[in-house]
Structure formats: C-alpha cells, structure tokens
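The values are calculated or read from the model by the stated rules, or taken from the named source; none is laboratory data. Computed from a predicted model, the values in this text were never measured in an experiment. As a convention, Cβ positions derive from the backbone with ideal geometry for all residues, glycine included, and neighbour counts pool all protein chains shown.
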Amino acid sequence: MKTSGIELIAELNGCSSVILNDEEKLKHTLTDGIVKCGLHQVSVNSHKFQPIGVTVISIINESHIAIHTYPEAHHASVDIFHCSTDAEPLMNLLDFLKNTLNAKSVKFMEVSRGQKLEFLEDNCVTSPASYGFEVRYHFKKMLLSKNSRFHKIEVVENENFGRMMFLDGDLQIAEKDVHVYNDAMVTPLVSRRKLGNVAILGGGDGGVLNELLKYQPKHVTLVDIDEDVISISKQYFKMVCSEAFEQPNVRVIVGDATEFLENHHDFDAVIYDLTMDPELSTKKDKQQFLSEIFSQINASLKSDGLLSMQCCSEFNTIALELIRNTLSEEFTDCRFKTMFIPSYCEPWVFGTAVPKNGDR
C-alpha cells in the first residue's frame, strides 16, 4: 500500500467567540462540513474545557479532522488529514469552517505526508532534488494549480522571474530567463545546417518551438503527451510561446513521443525536450527508456541529422553519466555544454549528437 496523504494545518482568526465555546454547535458544524465536502464521518467526539475552550475530533474514512478553540482569543486551530493526494476536499472543508465560524482571516500550511514529509506553504513552491538540496520559490500569486492526466501543473507569479510553470514540483520555465534555455536548445541546429523537417519531443510550453520558428524551418512537428500543458501555455505564457502553435508550418500532436517516432522518419533535426523523468508514465526504468528512445531518434534522423537535447543538472551526476553512456551507444560526436539558468539556481547540461555512420 502506498503511504501518502495531505495534512492541512490552519489557524482561523477573528472567529465568533460564542460559536467557539459551544461544544454541540461545533460538533454539528464539523459534521455538516464533512458531509458537504464529500468526506465520510465514522464517529465524532468532543471535550469542553473549563472555564473555556473546546476540542472536537472526527474520525473519517479518509483519516481524521480536529478543531481546538480559543474563544477568548477568537481563534480556532484546525488539523485536517486525508489519506489521498487530492487537496480539494480539504480546502473546501476549510472554506466551510471559515464561513461558519465567521473567521475574518485564515492562515494555512499544507503538509505532504507518507514516504516524504514536506511543508507546502501557501505562498511557496518547493522544487525538490535528489542530490543534496531543494529550491523554494516564493510567489506573489498562484495563477493556476491543477492535476492533468500526467502532471500536477502549477503556474505562479514570482517578483523576480515573472510567471513560472512547475510540473510535479519541477520548474519547467520562467519568463525572465526562458531565452537562455531556448537558445541552448536551438542554436546548435541553426549554426550547422539549413532546417527542413524538425521534430520537437516534449516542449509543450512552446518556448523552444517559438525560438526555432525564428530560423524559418520548412516544417516542425511538436509532440507532447500532456495537452493541458499546451493549453495552459497558450493562456498564461504568451510571452514565451507567442503564436507559435498556430503557425501553418507547425503540426502539434498530443501523444507519446516513442509512439510517434515508430512511424515518423527523415528528420533533419530532433529536439529532445522531455521532462526530467518521462519514464514515470511508462513501466520502464530510466536506462531502458533512454536506450529505446535514443535508438528511435537515431532511426528517425537523416544520415546527416542532428539531435539537440536538455540533459539534467550538472549536479545530478548519476543521471548525467547515464545519459552520456546511453547516448554514445546510438550516436557519435556527442558534445555537452553547461549553461547557468538563474531560475533553476543551478548549472544545466545540454547535449548534441549525430547518428553513427552519418555525415558530420
């Protein structure tokens, strides 16, 4: 069984002191809220403290909910635990309690529980790393947070980097320095050959596509598995993608990159812009996934074709070594360069390669 859950810890200020000291009213309020929010109460218990204050605890099928009140301070502390990764019913219940208790303000913190223990602040996104550190991005406003079929997608407004998109907590793009990433991906192509037929694997934000179109390729096919990433980019990142998706020489395919490569060939260049862990949507480990997709890319390129790709953080030595070794099985003239991307807060490695036995 997967151990996972969400715990919402909240402080409600400016509440009605009369309600906060009414044991039965609080029990009924919590019970009503649980029902309205689609949760399932098993039992409820409470205790009235002397001279003032109440604690109410509800056991629900999904876990538990607790309220402790400080009527003299017009304050209630709330703890909502749910054995799921869906925060919506928890937030709905918190809103219900805020309104019913007449709270003037609410401060809350979301905690990811289970295999990991992570504080998810209401004005902060944490981008984790498996190699010794993590980066926390504060934001002025959360513009979007939703779960697609493949990712948890978050769009925030940061005072330094502008709008930023996160997929499953990993930063994808930031408006202020997206040009650094896009240039690193596209420049190797345009400096070596005239562009005819190009495929972009991933890249649903449209940034690399928009940069590539400046060099007038004859035809571009962009393949991304998550249509929500594309639609969200069109809505929130016009500065990044502009009108790239609507250009007549662009074909957008919502689908799996490996399936696309099985039936499409003769590309002058392929740009590998998949997420850091694309194998997670398959039943393969990273080495198997990379080995197979590099083989497919090799077969899809013309003999004088070129692969340009983003690799990983320079600090992620395990992933970088795996990419180097796996890439060299199918390609030659494998070259790597490191660029510092300010919003990533770390140096990022990009690579290029040509098919074995191809013209260079």
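Within segment 219-240, residues that are modelled with pLDDT of 95 or more have Cβ atoms under 6 Å from residues that are of a type in the set (Ser, Thr, Tyr) in these pairs: 226/148; 228/148, counting only partners at least 6 apart in sequence or on another chain. The numbered conditions (1) buried (at least 16 other Cβ atoms within 10 Å of the Cβ); (2) on the phi < 0 side of the Ramachandran plot are all true for residue 194 except (1).
Across segment 215-240, which residue is nearest to residue 293 (Cα to Cα) among those that are of a type in the set (Val, Ile, Thr) and assigned to a strand (DSSP E or B)?
Step one: of segment 215-240, the residues of a type in the set (Val, Ile, Thr) are 220-221, 223, 225, 229-230, 232, 240.
When the remaining residues are screened for being assigned to a strand (DSSP E or B), the result is 220-221, 223.
Working: 220: 19, 221: 17, 223: 14 Å.
Within segment 215-240, the match that is nearest to residue 293 (Cα to Cα) is 223.
I'd like the full set of residues that are among the polar types (S, T, N, Q) and surrounded by fewer than 18 Cβ atoms within 10 Å (Cβ to Cβ), limited to segment 53-101. Full working, then the answer.
Applying the first criterion (among the polar types (S, T, N, Q)) to segment 53-101 yields 55, 58, 61, 63, 69, 77, 84-85, 92, 99-100.
Those that are among the polar types (S, T, N, Q) and surrounded by fewer than 18 Cβ atoms within 10 Å (Cβ to Cβ): 55, 61, 63, 77, 84, 85, 92, 99.
Looking for whichever is surrounded by fewer than 20 Cβ atoms within 10 Å (Cβ to Cβ) and touching a helix residue (DSSP H, G or I) at 6+ places or on another chain (Cβ under 8 Å) here; the options are 244, 299. Which one fits?
Values: 244 fails: surrounded by fewer than 20 Cβ atoms within 10 Å (Cβ to Cβ).
The match here is 299.
Identification of strands (runs of 3 or more DSSP E) wholly contained in segment 41-146 with 3 or more residues that are modelled with pLDDT of 90 or more yields 41-48, 54-60, 63-70, 75-82.
Return yes when residue 170 is closer than 23 Å to residue 231 by Cβ and outside the structural domain of residue 311 (by TED's automatic domain parsing) and no when it is not. So that I can check it myself, show each step before the final result.
Working: closer than 23 Å to residue 231 by Cβ: yes; outside the structural domain of residue 311 (by TED's automatic domain parsing): yes.
Yes.
Selection of segment 175-214 for residues being modelled with pLDDT of 95 or more and in a loop (DSSP other than H, G, I, E, B) yields 175, 176, 177, 203, 204, 205, 206, 214.
Here's the yes/no breakdown for (1) polar (S, T, N, Q); (2) at positive phi; (3) under 36 Å from the mean Cα position of the chain (by Cα):
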{"position": "49", "(1), (2), (3)": "no, no, no"}
{"position": "63", "(1), (2), (3)": "yes, yes, yes"}
{"position": "67", "(1), (2), (3)": "no, no, yes"}
{"position": "70", "(1), (2), (3)": "no, no, no"}
{"position": "79", "(1), (2), (3)": "no, no, yes"}
{"position": "87", "(1), (2), (3)": "no, no, yes"}
{"position": "95", "(1), (2), (3)": "no, no, yes"}
{"position": "100", "(1), (2), (3)": "yes, no, yes"}
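Looking at 314, 329, just one residue is within 26 Å of residue 178 (Cβ to Cβ) and either at pLDDT 95 or above or out of contact with any Lys or Arg (no Cβ under 6 Å at 6 or more places or on another chain) (or both), and that residue is 314. With respect to (1) in contact with a Pro (Cβ under 9 Å, 6 or more places away or on another chain); (2) assigned to a loop (DSSP other than H, G, I, E, B); (3) of a type outside the set (Asp, Glu), the lone exception for residue 150 is condition (1).
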